[in-house]
Structures are given as C-alpha cells and as structure tokens.
Amino acid sequence: MLLSRDSRDPAAAGRLIGCMLVLALAWPIGKVAQVDPAALLDPANLKVAGGFVASFWPLAHDTFFLGLLRDAVLQTLAIATVGTLLALLIAIPLAVGSTAALSVSAIGPAPRAIWRPAVRQAVKALTLFLRGIPELVWALLFVRVFGLGPSAAVLALALTYGGMLAKVFAEILDSVDRGPARAILAAGGSRTAALVYGLLPNAVPELVSYSIYRWECALRAAVVMGLVGAGGMGQLMDQSMKAFNGGEVASILTAFLLLVLAADALSNLLRRWMDAPPDALHKRIVSGWVLALAGALVCVSAWRMIGLDLGALFGAHAGSDIARFLGEFLPPAHDLPLLGKIASGSLETLATSLVGTVLAACLAAVLALPAAGRCGAVLKAITRFALNLLRAVPELVWATITVLAVGLGPFAGALALALHTCGVLGRLYAEALENAPPAGEAALRTSGAPRSLAFLYGALPQVAPQWLAYTLYRWEINIRMAAVMGFVGAGGLGQALYYELSLFRLGNACAIILAMLLLALLVDHASAMLRWRLG
Amino acid sequence: MLNHFRRHALRGLAALALAALATPSFAQMKELKVSAIPDESPTELQRKFAPLGKYLEKEIGMPVSFVPVTDYAGVVEALAAKRIDMAWLGGFTYVQAKLRTAGTAIPLVQRVEDEKFTSRFITADPAIKSLADLKGKTFAFGSPSSTSGHLMPRYYLLQAGLTPEKDFKTVAFSGAHDATVAFVQSGRADAGVLNASVWDKLVEAGKVDTAKVRVFNTTPPYFDYNWTVRGDIDPAVAKKIRDAFLKLDPANPEHKELMALQRATRFVPTKPENYQSIEQAAQAAGLLR
C-alpha cells in the first residue's frame, strides 16, 4: 500500500519554537551590534560603496606602483617567513616544557620533583597568555616601540604564533604513542633522548604539516598587521584605501589573492609529499635535503630582505624602550567610568561576533548546497570559487570596505566577519554534506518525498552536529577578530583600545587588553560547553 | 587640582634632575632623522618633504632623512624614544610629546598660518544648523590625536554644553581629515569636523560636493602645527635648523616651491607658552591623564 502523504510536518512545532527563541534572543543582540539592513540597501550607501568597487577597474598598473607592490609582496612574504621561524623558536621549548608525555612521574616511581608539574602549569599559562592576545594588538604596541615597518609585525607574529604553535605542538606530542618515550624514560634514559628518539619520530609529520599551515596563516596575518602600520602589503593597502584609490586597492587585492593561492598550493604539495608512501623513502630523503636547502635559502634572503636587525630588536636600548613603554601599562586602570566603557565595548564586541557568526552560518548553509554539487557541476565550480574568494580576503580588509557600505560602527564589523566566515564555513559545510552517508536522504526520496523535504529530514540532521561544531569553533575565532575590528572604525573594544593608546592612557589600554583576553576565554569556555552538551 | 600640583612638582623635579645632568656631552650627530604626523597620506608627506629635506641638508651640513609613520601617536613615541630627532607635530601631539619627554621637547618654528588655525564643522543634513542640533546624531571626528580634527572641536563642543559620548548617537573616528568628508558626504555620519585648511584644499580641488555638504560652524582660532626637536639635541644644530626655517623667503625663487608645498607664507619662531591653551583645552576635555 502506498503511504499517504501527511501534510503535517512532525518536527514543525519544535523547530518553530526554536526559531522563535533564537529570534527573541537575536533582537537585543542585533540592537547592540546596530544591525541595520536598511543601511545596506540605502541607495546613497550603495552608490558610495558601489562607486568605490567600480573604481577597482582598471587595476592600477603603472610601473612606479607595480614597483611598490612588488616590494610590498616580498616584504609580506619575508615577514610571514621570519615571523614563523621565530615563533618556532619560541614554541618548541614551550611545547616540550608543557607536554605531559615527558613526565617522569607519570610513568611510575619517580624522583620527587614537586616543581616539575608547577613548571608545566606555568609554561601552559604563558602559552595561553601569548596566544590570547591577538597579533594585531601586539603589532599596534610594537609599532609604537620600534616604529613603522616589518620589525613590529615579525615580533607580533613570533609571540602570538609562538603561543599557538606551542599549544598545538604540545597536543600533538601528548597524542602520539607514548610507549617508546616511556620505555626510554623507564630504562633510565634522559628526557632529551626520550624526546628525540621516543616522541619525535611519530610526531614529526604532523608537526611539520601544522607549521606549514601556520606559515600560510602568517601570510594573511602579515597583510592585516600592515593595516596598523607594520609594513608590507597591508600598509600599502591602508594608504590606497585612505586615498580612496580603487584601482590600487584592486591591484593589491589581486596580488594578495594570487599569493594566498600560491601559498595554499605550495603547502598542499609539501603536505602531500610528507604523506608519501614509505617505499619512496630514498627519493624522499634526497628531495628532503633539496627542499631544506631551498627553504634555508628563502629564509636567509627573507631575513636580509626586511633587514631585521635582531641586535636592535633585542639590544640594551630596545630592551629599555620596551620596558619603559610596557612598564607604563601597569597597573591596569579600573576607575568606574572606564569599567563602564569596557562593559559596553565588550557587549558591542560580543554582539558583533555573534551577529557576524550567525549571518555567516545562514549564508554558508545556503551556499553549501550548490558547493556540495547538489545543483550541478557549473554552479558547484562557481560557488566554490566565490567561497574561496570570500575566505581569502581577511576580515579586516573586508571591514575597510563594509565601513564604506554601512558606515562606521559595529554593524560594519559584523558584516565583515560574516563575509570572511561565510567563505570558511561554506566550504566546511559543503565537505560535511559530501561526506555524510546518503542512505537516509535516498530512502526518503524513493518513498516519494520532495527534494527539499528529503534534504531537511534526511541529510540535515546528519550534518547538523558537525555544522554546529564548526560554527562554534569559528565563533571562538570571531570574538578575537571582533575585538580588533575597531582599529578600522568598526566599534567595540578595538575602538576603545585605539583611542586610549592614542591618548597615551596606557593603564586604560592595559585594562582593555585584559578585557579582550577575558572575553575570548569566556567565549572559548561557552563554546566548549555548548559543543559538549550538543555532542 | 591635586593632580595639577603634583604634575608641576614632578616637572620641577625632572627639570632639576636634567639641570644636574646637563654637563653637555652631545654625541656627534651624523644624521638628522625627521618625521611628521600623518595628517595626509604618507606618499604625499614624503613628496612634500623632499625639497625641504634637501634645503635643510645644505643649511645644517649633515644628511637629513625622512622616516614615514602612519600613526599620530607613533610619531610622539618615536620622538620620546629618540628614534627621530625632529617632527612636524600638531598642537595636541606637541603637548603629548612635551609630557612624554618630561617637558624637554623644543618647539622651534611654525608657519604664520599656524598661529590662527580653525576647524570646520560640516554636515549634509539640512536640519543641522547649529552645534545644538547635533544632539542624537552620528558624529565623526578625525584621528583621536588630532588637534583640529578632535581636541579643539571637542573642547568647543563641551563649551557649547555637548558631551560627545553622552549627547551623540555614535562617536566615530574616521582617522583622517579627508576621510571625515567622505563619511559626511555619503551620509554615513550626520556631521563631522575637520581642519579648515584641508577643507579649503578639498573645496578648491573640487573634491567635495558643496551643494550637499556645507560648513555650519567654525571654531575660534588656536595655535596648531609646529616643528619640534627632541630636547637633548645639540643646541648648535637646533639653532641652525631654526635659522634655516626663518631664512625661508617666498620672494626667493629657490624657496618658492618648497614653501608652496608646505603651504607656508612665512615661518616664525614659536615657544612652549603658545601651546598652554591647547594643554588646558586637553585637560578640560579630559584627553590628558
């Protein structure tokens, strides 16, 4: 007997209530983020932003500008490379210091050393601190201490990425098979031996692959830091943006996209090479040496290119400069008006991150369908390209454009976050859809359900937890980005920080940086809890 | 008030300490490093500086280089950290530099134009006719460190009984004078304020739609921009620099281009006292600690 179609949607009531609840919550949040869809459609605004985007063509291509652009590209490459190298120097000891895999006491009867766990905790706290402060904040501070240019960016990258690498390195070391290391420690071997012969051989591919991935991120970060005056393409972009020179902005964006694509390809190549089957071992060793040599050559030339004078960076004079400058940050101010300002700034930043993430998730969900190949190969190629484009342009660069489109304020920041995050989430959502087992949806289709319902009740429930987890992860990243959006006029804590730094009220600035740190930690916590509850 | 006394006492102490140390042992300078606050685009600043740099090189007999900086406060910090020797500062950035160098930074010269500087309040909203009409509107300043784009307009707004953070719907910082005009023209800010000289320049160049954007208020005059050297520079060099500026004469064809680029008719000596009113305004507006 054919099943009769039930016009009632069995899950409708629950979903409707859920949607209403979300909307009820979204209203005040949208208010704080000054969401104003009308501004987006206002013809006057469309004319300004449209006019600016229209002026992108023709691309600027006079020889003088191209010369500037070439130097900026090289400088950005150099900043990312040297920054990542220094970050590795910071991360390796921190990771070794904080991994539990090398704990003698965890293995069995060990010499009593109460201080060792304490040291591990201290190193972990330092790591947390380093990666908790966005590189852009470090860059802004170092631009003041070292002046304009790449040194500030390199140092900022080194600190934040040092913290990030250290955390992931420690996690990798913790997760590889500890057997060999434990055996060496138990047999009375030294920690160094346990690390080098017990842990590293299993962890190296993952460590290298993650470092390469970080280098790729560093390229994007190097561009963004230029927007606060730390050299490279970002600084050039800032100048062209301020002069409203669309052709130049477009040329820089094009160069940047090409650079990111090239870096992406290179890092894929390297990672695939790392995963090559062991029978090609001999070949791998030879090409490994060639690659290492080439890498060393690139690093040396990068180093020379930005003329990073480590002596000047770490010399006695620089030391006292940093000490003097950073010393003024303490103690953090905590008067009532300031705390009020911080509270409203935090709320605005939180709202910006929420609105940005939710908008991005909605857009990404819509785009994920064609991107997963559900609407034909042509649409798949087009949406994939669009998603890559959205993802390749950093949030802060989007913000400089959205500020023109909807005006200064948090809404511009939320839109910028949404655009970039939609590129990231769209791709992840599509991949989840492609990897989901097709059985449920196919069963619904064969029993006569229309495509839309088969998707809603067959495919969506299967990918929903994964989509949600990705979205929550991105929210953790977006709260950090929302905190610095204010540097380009998008409100929130970033604007307050820039203001206090401009007025040399460094105690106030310190309090705001602490608030940023706290907010990021709170969101991390909330997101982890939500994921745990939903998982 | 207590703060005020304490700061004076501190400054006195600092002066004493300096006097005690002032057995002049100026390291032989090999190069004069110069910078400027980025009130215009950095490329424009470098273009403007080129002929002046050449002229100074000849007059003081040592190489002169320009250090570009994109951030107002960055220039102040560079002067305090002795990474540059001389800077083109605005009135407020000079006061900041003075405080951050314990009162040792020396203002040398300024343009006659800088002795009577003003800011213009602009809007594209027909309903805004006076400062009082700004209540509840979106307002754009320039850079937080700008004298003519933030400090003095804020001071006069306060005098008119308006507290920006309380009375405006949104307070935004566009970052630069020309950006403020762009935001007001596009209606993204209901009103804004900028440097009178940049406004005039933009109007002359036809870069503003004056049918739409209009000036509805101009501030009373105040002292603005000057050339400042750090306090521990060799006094002989400082004197040479000052003399070189004062010698500039628009009637001299060799100086004409240089002065046109600096938009100066004549340079005159200046002194810290000229900026007392700016410092008081900054105190009153709560922009100094």
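Going from the chain on its own to the full set of protein chains, the range A:394-443 has these residues losing 10 Å² or more of accessible surface (heavy atoms, 1.4 Å probe, no ligands, DNA or RNA): A:403, A:404, A:406, A:407, A:408. Mind checking which lysines have their Cα closer than 18 Å to the Cα of residue B:129? Skip sequence neighbours fewer than 8 apart in that chain. Correct list for residue B:129: B:137, B:169, B:212. Surface analysis of chain A yields an accessible area of 48 Å² per residue, using protein heavy atoms and a 1.4 Å probe. With R₀ fixed at 51 Å, the C-beta to C-beta distance from residue A:532 to residue A:258 puts the FRET efficiency at about 0.80. For the protein assembly as shown, what does -39500 (n - 2.57) per DSSP helix run (n ≥ 4), summed and divided by total residues, give at 222 nm, in deg cm²/dmol to the nearest 500? The helix-only estimate for the protein assembly as shown comes to -21500 deg cm²/dmol at 222 nm.
Other residues within the sphere of radius under 10 Å centred on the Cβ of residue A:321, judged by their own Cβ, net out at +3 (K and R +1, D and E -1). Spin-label model, residue B:271/residue B:166: points 7 Å from Cα along the beta carbon direction are separated by 3.9 nm. Scalar couplings 3J(HN,Hα) for the range B:260-269, obtained by applying the Karplus form with A = 6.51, B = -1.76, C = 1.60 to θ = phi - 60°, are 5, 5, 7, 6, 10, 8, 6, 9, 10, x Hz; x denotes Gly and Pro. Of the complete DSSP H runs in chain A, those spanning 24 angstrom or more by Cα along the long axis with a mean Kyte-Doolittle score not below -0.5 are A:12-32, A:63-98, A:115-132, A:150-175, A:200-226, A:246-274, A:281-305, A:336-371, A:410-435, A:460-484, A:506-534.
Axis of helix B:235-247 versus longest Cα principal axis of chain B: the two differ by about 50°, to the nearest ten degrees. Please report the base-10 log of the normalised intensity I(q)/I(0) for the protein assembly as shown, using a Debye sum with one equal scatterer per alpha carbon and no solvent, at each q in 0.11 (1/Å). For the protein assembly as shown at q = 0.11 Å⁻¹, log10 I(q)/I(0) is -1.37. Relative to the current alpha-carbon distance between residue A:445 and residue A:464, full extension at 0.36 nm per residue lengthens the span by 4.9 nm. Under the simplified labelling scheme, the residue A:299-residue A:431 pair shows an inter-label distance of 2.8 nm, with each label point 7 Å from Cα along Cα→Cβ. In summary, the lysines within cross-link reach of residue B:82, defined as a Cα separation below 17 angstrom excluding same-chain residues under 8 places away, comprise B:30, B:33, B:98. Each residue of the range B:79-92 is assigned a 3J(HN,Hα), and the resulting list reads 5, 5, 8, 6, 7, 10, 9, 9, 8, 8, 10, x, x, 6 Hz, derived from the Karplus form 6.51 cos²θ - 1.76 cosθ + 1.60 (θ = phi - 60°), x at Gly and Pro.
Surface exposure of chain B, expressed per residue as accessible area with a 1.4 Å probe, stands at 43 Å².
Close amide H contacts of residue B:170 (hydrogens built in the peptide plane, cut-off under 5 Å, sequence separation of 5 or more or a different chain): B:138, B:139. Counting only DSSP beta bridges whose two residues both lie in the protein assembly as shown, roughly 60 percent are antiparallel.
Going by alpha carbons, how many degrees (0 to 90, nearest 10) lie between the helix axis of B:42-60 and the longest principal axis of chain B? Around 30 degrees separate the two axes. Taking chain B, how much of its Cα-Cα pair set, in percent, is spaced more than 26 angstrom apart? Result for the distance tail: 46 percent.
Can you return the lysines within cross-link range of residue B:207? Criterion is Cα-Cα under 19 Å, with same-chain partners fewer than 8 residues away left out. The reachable lysines, counting only those whose Cα sits under 19 Å from residue B:207, are A:47, A:242. Remark: spin-label model distance residue A:287-residue A:38 equals 6.1 nm, labels positioned 7 Å along the Cα→Cβ axis. The convex hull defined by the C-alpha atoms of the range A:62-329 has an orientation-averaged projected area of 17.3 nm². Summing charges over neighbours of residue B:129, with a neighbour being any other residue whose Cβ is under 14 Å away from its Cβ, gives 0 when K and R count +1 and D and E count -1. Summarising the amide proton neighbourhood of residue B:36: residues at separation of 5 or more, or on other chains, whose placed amide H is nearer than 5 Å comprise B:69, B:88.
Rounded, prolate or oblate for the range B:30-90? Axes are the square roots of the Cα gyration tensor eigenvalues, ordered a ≥ b ≥ c, and the cut-off for rounded is a/c under 1.5. Judged from the Cα gyration tensor, the range B:30-90 comes out oblate (a/c at least 1.5, b/c at or above a/b). Between amide H atoms placed 1.01 Å from N, distances below 5 Å from residue B:266 occur with B:112, B:113, all of them 5 or more places distant or on a separate chain.
For the chain pair B and A, buried accessible area totals roughly 3000 Å², probe 1.4 Å, rounded to the nearest 100.
The values are calculated or read from the model by the stated rules, or taken from the named source; none is laboratory data. Fair warning: this is a prediction, and the values are worked out from it, not measured in the lab. When we count neighbours, we look across all protein chains shown, and the Cβ atoms used for this are built from the backbone with ideal geometry, even at glycine. When the accessible area is computed, the model is the full protein with side chains, heavy atoms only, and any ligands, DNA or RNA have been set aside. Shrake-Rupley method; radii C 1.70, N 1.55, O 1.52, S 1.80 Å.
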